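Quick notes on the structure that follows.
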Ligand SMILES: [Zn+2]
């Protein structure tokens, strides 16, 4: 069996796939995992829709699409997760084929019974 892109020990079709297709994620961590899988599968609309409305105006679709498509996503590592915060490392190869790590602490909000990505902090950055 092939694991889901997010690293969970179940297939994409039984993990992040249905969430990206419209099934609501029932925790911040699941939303985070599905957003990683959305980068892998270039589900750009999903990435925009799952960003909280208060932050959506700052998104540039083309930039998200470029970031998703120029990098080759290798692996997701959840460093820690609590109810509203998920720290993770996303491993990828950049356009030059160089190994990179995107390390982020993401904040999520639960608004009207739906989880949304709010914003990220980047540990290790000044
Ligand atoms: Zn998954």
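The values are calculated or read from the model by the stated rules, or taken from the named source; none is laboratory data. It should be emphasised that the depicted structure is a prediction, and the values quoted were computed from it without experimental measurement. Glycine gets a Cβ as well: all are built from the backbone with ideal geometry, and neighbour counts include every protein chain shown.
Computed quantities for the displayed model
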item: Filter result for the condition that a residue is modelled with pLDDT of 95 or more, under 17 Å from residue 30 (Cα atoms) and not in a strand (DSSP E or B), over 65, 77, 83, 87; result: 83
item: In segment 35-52, the residues that are part of a helix (DSSP H, G or I) and either touching a residue at least 60 places away in the same chain (Cβ under 8 Å) or within 16 Å of the ligand (Cβ to nearest atom) (or both); result: 35, 36, 37, 38, 39, 40, 46, 47
item: Hey, residue 80 closer than 15 Å to residue 7 by Cα and exposed (fewer than 12 other Cβ atoms within 10 Å of the Cβ) or not; result: yes
item: Among the residues listed as 55, 98, the single one being surrounded by fewer than 16 Cβ atoms within 10 Å (Cβ to Cβ) and touching a residue at least 40 places away in the same chain (Cβ under 8 Å); result: 55
item: Evaluation of residue 18 against (1) in contact (Cβ under 8 Å) with a residue 60 or more places away in the chain; (2) assigned to a helix (DSSP H, G or I); (3) within 11 Å of the ligand (Cβ to nearest atom) (one fails), failing number; result: (1)
item: Where residue 23 falls short, out of the listed (1) part of a helix (DSSP H, G or I); (2) within 14 Å of the ligand (Cβ to nearest atom); result: (1)
item: Residue in segment 22-33 that is surrounded by fewer than 16 Cβ atoms within 10 Å (Cβ to Cβ), closer than 16 Å to residue 119 by Cβ and more than 13 Å from the chain's Cα centre (by Cα) present; result: no
